[in-house]
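So the structure is just underneath, and the comments pick up after that.
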Amino acid sequence: MSENTDNELNNVFDVIKSWGLSGEEVKNNNILAILEKIVKDPKQPISNELYSPKYIWGVSVADLKNFDLSKLPKDLLYRISFSTMTKWPSKDKLPKDFDPKKLIDNAKTFKGLGVERLHTQGITGKGVTIAYIDKPFDTRHVEFNSEKIKYIPMGNGIFDFHGYAVAARLAGQNIGVAKDIDLIYYACGGKSERYEYLDGLVYDELRSLKDIIKRWENNERIDAIGMSGSIPYQISLIKDEKLKKQFETTYDKLKKKLDELGIPLIDSETFWDKGFSYCFKIDPKLPNDDKDNFFDKFSAMSNSEKMSVIDADKCIPLAYTLDGYKYENFIGSASWSIPQVVGLYALAKQIDKEVTFDEFVDITRKTLDPANTNGTRLINSQNLMKEICIKKEMEAE
């Protein structure tokens, strides 16, 4: 840690002590542990521990109204997960200008990449059908237009924050990149009578692909399939060698059929193989239009010019509520970036039904913003869609 960060951390310890909590009480509330992990240079790799449930939830359901947070560095609170259910102290007990409600409201309407302007132009994914395979969620949440979602439970899994996140990033009415698509959502996961969790997850996902192919053969057009994981990777983790071989054979046949039908499967492997990546804010307090404030550590690590999605100022539906939202701005995720790429492709398909995913990738790369001061190249959705329009017009001549 830098000297400045050490000083901040000491300040945190002092504030924690001023609450009069014992070490065990602090531990039980997860607050000190969260602050210890988050006071760091955001450009440094983030521990996988931060993806564990206690950090993902942060203080989302915490009662902090009796704590004096006014002396905490504001950056800390920007990087802790909180929600509309968090009970905050009075304004004088918060850092100056820290307004959690305003943060959530702003993040809830920030899709990034210029997508908001596309929506005002009527480019919302209307008339495009996307199938997405992920974890279960509750379509009744106010973020979703349940009339546009065909929800298909493939297993017996319970609602999962991941499902809320990916569905909202793709088709959410506030958060979504392509809010007016027709979404066929396959809710997979959960232990079944036949399989343990991972085996059952893959089984559900393979059945989802079979159903998509069947729908296509019955003249139900599906423009693309999105998935925030990778079936081949998940199969590689299966311990039962006989079952692993069976699943590999089934997947290869299904993938070959999808390729024949021309239905792109945009999963995590595709995301990375095609050169996509994601970035986040260095300073969470700076405005969204400060492009030099975004940093893509994967581009920096590989010394390459990746096509970067903005995965920052994240606001997602709060799981197990019908109107709650959760804010977090300290970790990035390919899982939550993939639905944004799928959403952008849906917008392109609204403009030009014949554009292939490979053509979309080429045009996306061609229209990237110039590298910012951190070497990050953001996707420019406005220029991307203009080029899709030009392509369609030229092919019509």
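The values are calculated or read from the model by the stated rules, or taken from the named source; none is laboratory data. Bear in mind the structure is a predicted one, so any value in this text is a computation, not a measurement. Every residue, glycine as well, gets a Cβ built from its backbone with ideal geometry; the counts of neighbours run over all protein chains shown. The accessibility values were calculated without ligands, DNA or RNA, using every heavy atom of the protein model including side chains. Shrake-Rupley method; radii C 1.70, N 1.55, O 1.52, S 1.80 Å.
Worth pointing out:
- Under the simplified labelling scheme, the Asn219-Glu354 pair shows an inter-label distance of 2.2 nm, with each label point 7 Å from Cα along Cα→Cβ.
- Within-11-Å neighbourhood charge of Thr139 [Cβ basis; K, R +1; D, E -1]: 0
- Karplus-derived HN-Hα couplings along region 316-324 (A = 6.51, B = -1.76, C = 1.60, θ = phi - 60°), whole Hz, x at Gly and Pro: 10, x, 7, 4, 6, 10, 9, 9, x
- Of Lys126/Lys244; Lys150/Lys257; Lys210/Lys366; Lys102/Lys391; Lys244/Lys297; Lys87/Lys126, those spanning more than 32 Å from alpha-carbon to alpha-carbon: Lys126/Lys244; Lys210/Lys366; Lys102/Lys391; Lys244/Lys297; Lys87/Lys126
- Backbone N under 16 Å from the Ser70 label point (7 Å along Cα→Cβ), restricted to region 99-131: 99
- Solvent-accessible area per residue in region 353-397 equals 54 Å², computed with a 1.4 angstrom probe and all protein chains kept.
- Net dipole in debye of region 135-220 [+1 Lys, Arg Cβ; -1 Asp, Glu Cβ; about Cα centre; nearest 20]: 60 debye
- In this Cβ point-charge picture (+1 for Lys and Arg, -1 for Asp and Glu), region 89-234 has a dipole of about 400 debye about its Cα centre.
- The residues of region 173-330 present an accessible area of 44 Å² per residue when probed at 1.4 Å with all protein chains retained.
- Expressed as a whole percent, the accessible area of region 261-360 that falls on carbon and sulfur atoms is 50 (1.4 Å probe).
- Among the protein heavy atoms of region 136-236, carbon and sulfur supply 47% of the accessible surface, probe 1.4 Å, non-protein parts ignored.
- Phi angles of region 231-245 translate, via the Karplus equation with coefficients 6.51, -1.76, 1.60 and θ = phi - 60°, into HN-Hα couplings of 4, x, 5, 4, 4, 4, 8, 6, 7, 6, 5, 5, 5, 4, 5 Hz per residue; Gly and Pro are given as x.
- Accessible solvent surface per residue of region 74-135, calculated while the other protein chains remain in place, 1.4 angstrom probe, Å²: 45 Å²
- Per-pair calculated FRET efficiency, R0 = 22 Å: Thr109 and Asp369 via Cβ, rounded to 0.05: 0.55
- For region 376-389, 3J(HN,Hα) computed residue by residue from phi via the Karplus equation (6.51, -1.76, 1.60; θ = phi - 60°) reads 8, 10, 7, 5, 9, 5, 4, 5, 4, 5, 4, 5, 4, 4 Hz, glycine and proline entered as x.
- Positive-end residue of Gly275, Leu318, Pro370, charge dipole of region 248-397 with Cβ unit charges: Leu318
- Charging the Cβ of each Asp and Glu at -1 and of each Lys and Arg at +1, and nothing else, the dipole of region 223-379 about its Cα centre rounds to 420 debye.
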